[in-house]
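The values are calculated or read from the model by the stated rules, or taken from the named source; none is laboratory data. Please read all numbers here as calculations on a predicted model, not as lab measurements. Cβ atoms come from the backbone with ideal geometry, glycine included; neighbour counts cover every protein chain shown. For accessibility, only protein heavy atoms count, side chains too; no ligands or nucleic acids. Shrake-Rupley method; radii C 1.70, N 1.55, O 1.52, S 1.80 Å.
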Amino acid sequence: MSLYEERLQRIERAIALEPVDKIPVISGLAAVAAVLTNTPMPEYLSDMELNCTANIKATEMIGNIDGVQATLSSPEPLPTLWLSQIRVPGKELPDNELWQVLEQELVRQEDYDIILDGGFGPWYETFMKEKLDDPISRMKHVSAYSPTAKKRFEEAGYPCIKGSSLLTPFEMLCGGRSMCAFLMDDLIEIPDKMDTVFAEIHRFNMNRYEALFQSPAKPYGVWVGGWRGTPETLNPAMFERFSWKFYRELVQLCVDYGVVPIMHLDSCWDNGLQRFKELPAKKAIMSLDGKTDIRKAKEVVGDRICIMGDVPAEMLAFGKPEDVYDYVSALIRDIGPGGYMICSGCDIPFNGKLENIQMMAKAADDAAKR
């Protein structure tokens, strides 16, 4: 068995809640890979071969890693997800800063009428070109190199568990509308109209996600984004109406096509953990970012869903190596050994310290020796 196969088997056993010889460690590397490898950000973002090389090198620097969530790191796809503009190092920002999402009220209420009259697809294509500087064209160099990057990571022994991102209508619109206008002017003032808008967007998205899963480019797993449409943001009735029912269908679509749904849950989901019992067992990953009580999640759904996370960004950036080691060791004790994978909470931060990041892998290695 090759190293790649060994690591993939370990990941799959963890997802299925089966015993593992070592708790898998999944990398959440993003832009920090450029920092760790002393790669200038403008070159890192423009040259995908260099980007991939830096990411592989940074992954190797971390230690005994079982898998990665991304082979390439680029902000170019973000506008297509959040309907928001971006600011990029070397262009709008100084060379060695992190890219930024510029959230503005780019989507207007009158856009909803255009969507309902002509469909979300045509509106989306026009919006991308007129309001967001055509990110689909700008990201072609990323898309073109992605198959090569995946192959290079596999040859290096690293499975990539995430190949795309799926979003609910809530997550897409809240970025383009801006959060306050979206909640107060739309969901509260015109909820019935939003039901029809959401239904049209969701229909379009489900069709394109299904087409991806039926294509030769079918990913091993995908992020199912849960960033703002959370039970912390919304009351129970609004959560069900505007977020959860769509989220549940996205997860089920993944399962139906044998794609692993990585439920990327930012913010606090404590009040909604019971809802995850509605999802198919032993088919998904619950990825937490340090805001949800991971021990409560283990108690509620740990017999059904593999939990991943949740080393906080602030600990990786500002903590001491022994802090990270102790934190991860406690997670291994309390959440593992079965149905658990170690990872940063969301992406590893841009200012994460290498010696701190390495402690995630070391804690897993040491636990396996005991």
Exercise. Tell me, in nm to one decimal, what length is gained between V255 and M179 on full extension, where the rule is 0.36 nm per residue of separation less the Cα-Cα distance?
Worked result: 24.3 nm
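Go ahead and estimate [θ] at 222 nm for the chain from helices alone: -39,500 (n - 2.57) per DSSP H run with n ≥ 4, summed, over the residue count, rounded to 500.
When only DSSP H runs of four or more count, the value is -14500 deg cm²/dmol.
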Problem set entry | For Kirkwood radius over Cα pairs in Å, calculated from these coordinates, the label among (1) 22.2; (2) 25.3; (3) 21.1 | (3)
For this session: Report, in debye and to the nearest 20, how large the dipole of the stretch 129-235 comes out about its Cα centre when Lys and Arg carry +1 and Asp and Glu carry -1 on their Cβ.
Result: 660
For this session: Order S165, S137, most accessible first, counting only protein heavy atoms with a 1.4 angstrom probe.
Result: S137, S165
Problem set entry | Residue among Y340, G309, N351 farthest towards the positive dipole end of the stretch 308-364, charges placed on Cβ | Y340
For this session: With a 1.4 Å probe and every protein chain left in place, work out the accessible area per residue of the stretch 226-370 in Å², rounded to a whole number.
Result: 39
For this session: Would you mind telling me which residue in E105, E278, E155 has the biggest mean-square fluctuation in a Gaussian network model of the chain, where springs connect alpha carbons within a distance under 10 angstrom?
Result: E278
Seminar exercise, completed: Rounded to the nearest 10 Å², the accessible area of M61 using a 1.4 Å probe with every protein chain kept is 60
Exercise. When the accessible area of the stretch 203-345 is split by element with a 1.4 Å probe, what percent falls to carbon and sulfur?
Worked result: 51
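Please work out whether the stretch 121-176 counts as rounded, prolate or oblate from its C-alpha gyration tensor, where a ≥ b ≥ c are the square roots of the eigenvalues and a/c under 1.5 means rounded, while otherwise a/b larger than b/c means prolate and anything else oblate?
It comes out oblate by the Cα gyration axes.
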Seminar exercise, completed: With every protein chain kept in place and a 1.4 Å probe, the residues W244, W227, W82 fall, from largest accessible area down, as W82, W227, W244
Problem set entry | Lys, Arg +1 and Asp, Glu -1 on Cβ, resulting dipole of the chain about Cα centre, debye, nearest 20 | 1020
Exercise. Which one of M184, V107, T168 is farthest out on the positive end of the charge dipole of the stretch 94-195, using unit charges on Cβ (Lys, Arg +1; Asp, Glu -1) and the Cα centre as origin?
Worked result: T168
Exercise. Using 7 Å Cα-to-Cβ label points, what is the K140/N38 separation (nm, one decimal)?
Worked result: 3.6
For this session: Determine the dipole magnitude for the stretch 21-121: charges of +1 sit on the beta-carbon of Lys and Arg, -1 on that of Asp and Glu, nothing else is charged, the reference point is the Cα centre, and the result goes in debye to the nearest 20.
Result: 380
Exercise. Using 20 Å as the cut-off for backbone N distance, which residues of the stretch 292-312 belong to the label zone defined by a point 7 Å from the Cα of A368 along Cα→Cβ?
Worked result: 306-311
Exercise. Just the accessible area per residue of the stretch 23-62, please: how many Å² with a 1.4 Å probe?
Worked result: 31
Problem set entry | With every protein chain in place, the stretch 5-152: carbon and sulfur % of accessible area (1.4 Å) | 49
Exercise. How would R241, R295 line up by accessible area, probe 1.4 Å, largest first?
Worked result: R295, R241
Problem set entry | In nm, spacing of pseudo-spin labels at L93 and K320 (7 Å Cα→C-beta vector) | 3.1
